[in-house]
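Asker: Please read through the structure below; I'll follow up with questions.
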Amino acid sequence: MATKKLIAICQSGGEFETNLEGVLSYNGGKAYALDIDQQMQLSDFKQELAETFHCSVDGMLIKFFLPGNKKALITISKDKNFKCMVNLFGDSDQVELFMTADGVVAQNVSAIGMVVKDEDALYGLRLLTKDYPYAKDRLKIWSAIETWVHNYCRFYYKDDEYIQADLELQTWWKELREEGHGNKNDEPWWPKMQTLQDLIDTCTSIIWVGSALHAAFNFGQYAYAGYCQNRPTLSSQFMPELGSSEYKELKENPEKAFLETKTAQLQTLLGISLIEILSRHSSYEV
């Protein structure tokens, strides 16, 4: 008996739009129909997609909507996810899949539907949401970092062979993946660190996260955390349960109960001192 095949309507190059109710729709791009069966592996399917859309498997992301839910996209990153999707639509004739092969820049700006590659746009990316000041500023800063990293890396690494032959670089990358992020070691989105572009993209992303992104998504360090009541270094008490002695104390003397959750005086002093030191600049930086 022949195995039933699922028709995958694979789309790429279009844009996601969200209506007032939060429902996503996909417009534009190209679409191809590919067969999927129960025996197919994710790697084989990605290879077929790459040949169909004339792109690389590296950095490829595949997403789909759950039946009856077009407000969130589900990412297929492992064979387990792929099999789950096939089984989920086993009673259907077809499934819509959305494939992106964007590089690190697009992936960091948004997980889905915030930018598309556009050679005519500034920085090679076009924002789908025009009124998004943070994203506009982010693209400027990202581009400046990427340009600097590009020039710096190319000064020391003339081509891809230099990257592959750098033992210290390869050892660092191996340690970062296998020891630093052992639980994510097998994820398909890791750069291979075999090309100069891999190094440029990775360094750009690391510098971005440690600078502009960190500054935008965090509070002013000493101005806020320097006052320990705003952000105590330790406050690990559970909320007291009704009827407990802790609850009685909280009810009768809330100030005392509150202060008991705070760090000891010496620990607080050390914590504030550390925050102040970290917030200072060396004289040559001023």
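Asker: From the list Leu274, Leu269, Leu242, which one is surrounded by fewer than 11 Cβ atoms within 10 Å (Cβ to Cβ), at pLDDT 80 or above and among the aliphatic types (A, V, I, L, M)?
Answerer: Result: Leu242 is the single residue among Leu274, Leu269, Leu242 that is surrounded by fewer than 11 Cβ atoms within 10 Å (Cβ to Cβ), at pLDDT 80 or above and among the aliphatic types (A, V, I, L, M).
Asker: Let me ask you something else. Do the conditions hold for Asn27, that is, is it assigned by TED's automatic domain parsing to the domain that holds Gln94 and in contact with a Leu (Cβ under 8 Å, 6 or more places away or on another chain)?
Answerer: Taking the combined requirement at face value, the residue does not satisfy it.
Asker: Could you list, ordered by first residue, the pairs with Cβ atoms under 8 Å in which the first is in segment 150-175 and among the basic types (Lys, Arg) and the second is in a helix (DSSP H, G or I), at least 6 apart or interchain?
Answerer: Arg154/Leu196
Asker: Still on this structure, please answer the following. Between Asp131, Asp159, Asp137, which is at pLDDT 70 or above, surrounded by fewer than 15 Cβ atoms within 10 Å (Cβ to Cβ) and under 20 Å from the mean Cα position of the chain (by Cα)?
Answerer: Answer to the check: Asp137.
Asker: Turning to a different aspect of this structure: Within the bounds of segment 31-43, is there any residue that is surrounded by 17 or more Cβ atoms within 10 Å (Cβ to Cβ), of a type in the set (Gly, Ala, Ser), over 30 Å from Lys136 (Cα atoms) and at pLDDT 85 or above?
Answerer: no
Yes/no matrix, rows are residues, columns are (1) β-branched (Val, Ile, Thr); (2) surrounded by fewer than 13 Cβ atoms within 10 Å (Cβ to Cβ); (3) outside the structural domain of Thr18 (by TED's automatic domain parsing); (4) out of contact with any Lys or Arg (no Cβ under 9 Å at 6 or more places or on another chain):
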residue: Leu127; (1), (2), (3), (4): no, no, yes, no
residue: Ile145; (1), (2), (3), (4): yes, no, yes, yes
residue: Gln164; (1), (2), (3), (4): no, no, yes, yes
residue: Glu179; (1), (2), (3), (4): no, yes, yes, yes
residue: Asn183; (1), (2), (3), (4): no, yes, yes, yes
residue: Thr202; (1), (2), (3), (4): yes, no, yes, yes
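Asker: Tally up the residues in segment 32-82 that are charged (D, E, K, R), assigned to a strand (DSSP E or B) and more than 24 Å from Glu21 (Cα to Cα), please.
Answerer: 1
Asker: Among the numbered conditions (1) surrounded by 17 or more Cβ atoms within 10 Å (Cβ to Cβ); (2) farther than 30 Å from Ser279 by Cβ; (3) not hydroxyl-bearing (Ser, Thr, Tyr), tell me where Ala212 comes up short.
Answerer: Every condition holds for Ala212 apart from (2).
Asker: Sticking with this structure for a sec: For residues that are of a type in the set (Asp, Glu) and not in a helix (DSSP H, G or I), scanning just segment 125-173, find the one that is farthest from His214 (Cα to Cα).
Answerer: Out of the qualifying residues, it is Asp159.
The values are calculated or read from the model by the stated rules, or taken from the named source; none is laboratory data. Source: prediction; values computed, not measured. Here the Cβ is made from the backbone with ideal geometry for all residues, glycine too, and neighbour counts use every protein chain on show.
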